[in-house]
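Worksheet: one structure, shown below.
The values are calculated or read from the model by the stated rules, or taken from the named source; none is laboratory data. As the structure is a prediction and not an experimental result, all values here were calculated from the model. For neighbour counting, all protein chains shown are included, and Cβ atoms are generated from backbone atoms with ideal geometry for every residue, glycine included. Calculation scope for accessible area: heavy atoms of the full protein, side chains included, ligands and nucleic acids excluded. Shrake-Rupley method; radii C 1.70, N 1.55, O 1.52, S 1.80 Å.
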Amino acid sequence: MAAVMNVTKRTLSISIARGQDAEGNAISKSYIYNNVKPDAEPAKLLAVGTALGGLFDNEITGLTVVERANLANE
């Protein structure tokens, strides 16, 4: 019996560099965007994340997509 995964929710997180702490460790801040289409293509997510990150003064340190999905038998 095969399992099926249906994505029900996606969020896009953009991490932006914010400098360094007193010990020299990198500090970043994440901005989370909800209501991302569950069927959005990875290339489009990357393009949007890069464009949104470009609006900040500092560099992008990471782009992350988090998915929530339901599992069921096929």
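Within segment 30-47, being more than 20 Å from M5 (Cα to Cα) and small (G, A, S) holds for S30, A43, A47.
Among the residues of segment 58-74, none is identified as outside any strand (DSSP E or B), touching a helix residue (DSSP H, G or I) at 6+ places or on another chain (Cβ under 9 Å) and closer than 21 Å to N6 by Cβ.
For first residues located in segment 32-48 and among the acidic types (D, E), partners that are surrounded by fewer than 13 Cβ atoms within 10 Å (Cβ to Cβ) and lie 6+ apart or on another chain with Cβ distances below 7 Å do not occur. Here V7 fits the description: open to solvent by less than 80 Å² (accessible area, probe 1.4 Å) and touching an Asp or Glu at 6+ places or on another chain (Cβ under 6 Å).
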